[in-house]
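What follows draws every value from the coordinates through simple rules; no lab data is involved. Every value quoted in this text rests on a predicted model; they were computed, and no experiment measured them. All Cβ positions, glycine included, derive from the backbone under ideal geometry; neighbour counts span all protein chains shown.
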Amino acid sequence: MPARSKAQQKAAGAALSAKRGETPKSKLRGASREMYESMSEKELEEFAETRHKGLPEHKQGG
């Protein structure tokens, strides 16, 4: 499942980095911390590998 916004993609990348032990979990905030706790490494990879081109900065509500 691809990310739906640049912010979501960046949060997934941060969470993935912590899952892999590259970044301390204590550095995560907000959405990236929630993603770290609720998603598998495979799911995070799918979100994080989404290309930025054509994505909105933030997901629109609705």
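Considering each residue of the range 5-44, count those that are under 21 Å from His58 (Cα atoms) and among the acidic types (Asp, Glu), and give that number.
2
What are the residues in the range 20-48 that are farther than 15 Å from Met1 by Cβ and either surrounded by 18 or more Cβ atoms within 10 Å (Cβ to Cβ) or touching a strand residue (DSSP E or B) at 6+ places or on another chain (Cβ under 7 Å) (or both), if any?
Within the range 20-48, Leu28, Ser32, Tyr36 qualify.
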